[in-house]
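Working notes, beginning with the structure itself.
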Amino acid sequence: MGTLNQSPIKSFISKIIQDLKVTIHDTITIFPSHETEKQSMFLSNIDQVLNFNVETVHFFVADPRFPLQIVAEKLKSALSEVLVVYDFLVGRLKLNLESQRFEVDCNGAEARFVVGKSEFELGEIGDLVYPNPGFTQLVQKSYDDLAIHDRPLCIIQLTSFKCGGFAIGVATNHAISDGISVKTFLENLASLAADKPLATTPCNDRHLLAARSPPQIQFDHPELLKIPTGIDLPSPTVFDTPEGELDFKIFKLSSIVIAHLKQKAKDEPFSTNAKITGFNVVAAHVWRCKALSYGTDYDPERVSTVLYAVDIRSRLGLPPSYAGNAVLSAYASARCKEIEEGPLSKLVEMVTEGTKRMTGEYAQSVIDWGEVNKGFPKGEFLISSWWRLGFADVEYPWGKPRYSCPVVYHRKDIILLFPDIIGESNNEVNVLVALPRKEMEKFEALFHKFLA
């Protein structure tokens, strides 16, 4: 396969503009179009450890039928309507002093809609796949200087570019929703903006993921780290690794390379337990490179653990429209010697087993563990996949996004999988890695070596 000889390192031909020169022109308070019930909303044990902001940006090319003023009016109207069924998004997060648990005060406080303008054309800011630090200017921060009970839980920013293109930035708190439920929210927002009914009625009952009474912890859960009593849970709680001096690179895996990895795993001796999918082979390949590039001294006996998210909706019989967090961390662990010497198919099998381990019974045990203990997932690193969330598939009145992505803050212990720009590729994935320079050199060499 001649394509495999090409470098998988993503190159950015165009200049990346990191200061997008965005000026904010208006900040508007948005309320639900109809009065909503004032109440406190329970948050599950999964929600409890995810109290940090998540920001996404969705880019759109110019459409003369939809100048910015019309887009803004449609978005504001749709947001007001959708907040009737997502009433918690106009509430505020608060700590219940009696239970010492976070909950949402559905007090109808407000969501916010922000309008800004960039001095650049969309085509001038560079490759949209590159996690440009300038993208932070396209999302209004959730006012971290405010007390937690004063921070808006939903802020949408519409930023226009000189060419007529624009970006929609969405800022929410991860304690409120996961990626799947955010996509459902955007589908509903887009549908209402097109004067259509809701695409999906959200299920807002977080009690569906409440712990059992009494809790029943039926497994050991080595993927969870217990925080001793008296020590506060860090925030954010998952892999809060300072950026420090990190090298950053994007490794692009084309559909041909992914097919090559899948065939390679099939050609090796493998158990029927191994499910050879695109995600599983990419996760196995990334795990091998990360484990063997770790630290300064190679220890063949060191155990490496990779974490990756698994949707538990179907496993626990939840409706697909469940609007809270319904993902848990699956894991695979092995000694570095096994990771280095074993075939790719064996690593794929271990990744597969991690997913299969997450049965409904296991997921409920994780939730019950969170009722008894204070803690969060632990592992060498987390693979966070935005590869197939489908944000770029959401159909707005002005079309689908040219590209959708989270605003990225480089962290050593999180490797992200992003799709490529729609229309330019089929089933390609970009692997975003941030590591200290020496580790990055080893990671890059291993990435090439194990693709052979």
Add +1 for every Lys or Arg and -1 for every Asp or Glu among the other residues with Cβ under 11 Å from the Cβ of Gln218, and state the total. -2
How many percent of DSSP beta bridges within the chain run antiparallel, rounded to 5? 80
Largest-first principal axis extents, alpha carbons of the chain, Å: 61, 58, 38
Apply the Karplus parameterisation 6.51 cos²θ - 1.76 cosθ + 1.60, with θ equal to phi minus 60°, to every residue of region 183-199 and state each ³J(HN,Hα) to the nearest whole Hz, in sequence, with x for glycine and proline. 4, 4, 4, 5, 5, 5, 4, 5, 5, 5, 5, 8, 6, 10, x, 3, 5
Interchain or sequence-distant (5+) residues whose placed amide H lies within less than 5 Å of the amide H of Asp247 are Leu435, Arg437
Mean accessible area per residue over the chain (1.4 angstrom probe, all protein chains present, square angstrom) is 43
What ratio of Cα Rg to 2.2 N^0.38 Å holds for region 66-128? 1.66
Mind listing the phi-derived Karplus ³J(HN,Hα) values for region 209-219, rounded to whole Hz, using 6.51, -1.76 and 1.60 with θ = phi - 60°, and x for any glycine or proline? 10, 6, 5, 6, 10, x, x, 10, 8, 9, 9
Sulfur and carbon atoms: percent of accessible area, the chain [1.4 Å]: 51
Which residues make up the longest stretch of the chain that has no trypsin sites (Lys or Arg not before Pro) in a DSSP loop with at most 10 other Cβ atoms within 10 Å? 66-452
With an 8 Å Cα cut-off and a minimum separation of 6 or more residues, compute the relative contact order for region 104-203 in percent. 27
Using θ = phi - 60° and the Karplus curve 6.51 cos²θ - 1.76 cosθ + 1.60, what whole-Hz ³J(HN,Hα) does each residue of region 125-140 get, with Gly and Pro shown as x? 7, x, 5, 5, 5, 5, x, 5, x, x, 5, 4, 6, 9, 10, 6
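The values are calculated or read from the model by the stated rules, or taken from the named source; none is laboratory data. Quick caveat, the model's predicted, so the values are computed rather than measured. Cβ atoms come from the backbone with ideal geometry, glycine included; neighbour counts cover every protein chain shown. Note: accessible area is taken over every heavy atom of the protein model, side chains too, but ligands, DNA and RNA are not part of it. Shrake-Rupley method; radii C 1.70, N 1.55, O 1.52, S 1.80 Å.
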